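Working notes for the structure below.
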Amino acid sequence: MGKSELRPKIVKLCRVVGGLTGVINKIDADAPEYYSLASILTDDEADVAIAAGLRKERTVDYLAEKTGKSKEETKKLADHLAWIGVFRITTDKTTGQDVYYMQIFAPGIMEMLVNNKELLAEHPEE
């Protein structure tokens with residue numbers, strides 16, 4: 001896969017989930033972050049994950065405002081990101097709202113991806 005074929009939103013997300021090394025390391029088709037996420041995430045899901053930022057607790061309202069998507073669409077995308085393993089969901093005890101949190105790629109997202117047996121069956125390239 002050539003550099004021109006890389007999906008820009010996935011590359012940007014890889015830089016976010018890479019933490020400090022994500023800024024320094026080259027993201028190409030062979031980067032584990034890239035080939036793991038590019039095959040399973042849509043660009044809309046990448047938008048939501050990028051808006052969440054790394055290690056920040058975010059509500060659907062926040063994510064919808066940052067992405068310009070409806071709250072309904074944003075919740076659907078965020079919930080799917082949680083099912084995949086990109087987000088973790090908790091409930092804020094004071095507001096009762098779901099809160100989404102994105103961990104770094106490794107350790108974190110990568111382990112969640114490979115622990116999801118249904119996802120692994122659908123995407124053996126992971």
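Every number here is computed from the coordinates shown, using simple stated rules; none is lab data. Please read all numbers here as calculations on a predicted model, not as lab measurements. Here the Cβ positions follow ideal geometry from the backbone for every residue, glycine too, while neighbour counts run over all protein chains shown.
Return the Cα extents of the stretch 3-122 along principal axes one, two and three, sorted largest first, each rounded to a whole Å.
43, 30, 26
Any idea what angle helix 43-52 forms with the longest principal axis of the chain, computed on alpha-carbon atoms, 0 to 90 degrees, nearest 10?
Approximately 60 degrees, to the nearest 10.
Could you give the dipole magnitude of the chain about its Cα centre, charging the beta-carbon of Lys and Arg +1 and that of Asp and Glu -1, in debye to the nearest 20? Write down the numbers at each step before the final one.
On the way: 17 positive and 21 negative charges, 95 e Å.
Dipole about the Cα centre, nearest 20: 460 debye.
For the residues Thr95, Thr67, Thr74, what sequence is obtained by ranking on other C-beta atoms within 10 Å, fewest first?
Taking fewest neighbouring Cβ atoms as first place, the list is Thr95, Thr67, Thr74.
Tell me the mean residue ellipticity at 222 nm calculated for the chain from its helices only (DSSP H runs of n ≥ 4, each -39500 (n - 2.57), averaged over every residue, nearest 500).
-14500 deg cm²/dmol
Hey, with R₀ at 25 Å, roughly what FRET efficiency would Lys117 and Lys12 work out to, going by the Cβ-Cβ distance, to 0.05? Display every interim value, and only then the final one.
Values: r = 29 Å, r/R0 = 1.15.
The computed FRET efficiency comes out at 0.30.
Under a 10 Å cutoff between Cα atoms, tell me which one of Lys75, Lys56, Lys93 has the largest fluctuation in the Gaussian network model of the chain.
Lys93
From Cα pairs below 8 angstrom and at least 6 apart in sequence, can you work out the relative contact order of the chain, rounded to a whole percent? Provide the component values of the computation, followed by the final result.
Working: 166 pairs, mean separation 30.6, N = 126.
The normalised contact order for the chain reaches 24 percent.
Taking the chain as the reference, fit the longest principal axis to its C-alpha atoms, fit the long axis of helix 71-84 to the helix C-alpha atoms, and give the angle between the two in degrees, 0 to 90, nearest 10.
It is inclined by approximately 50 degrees.
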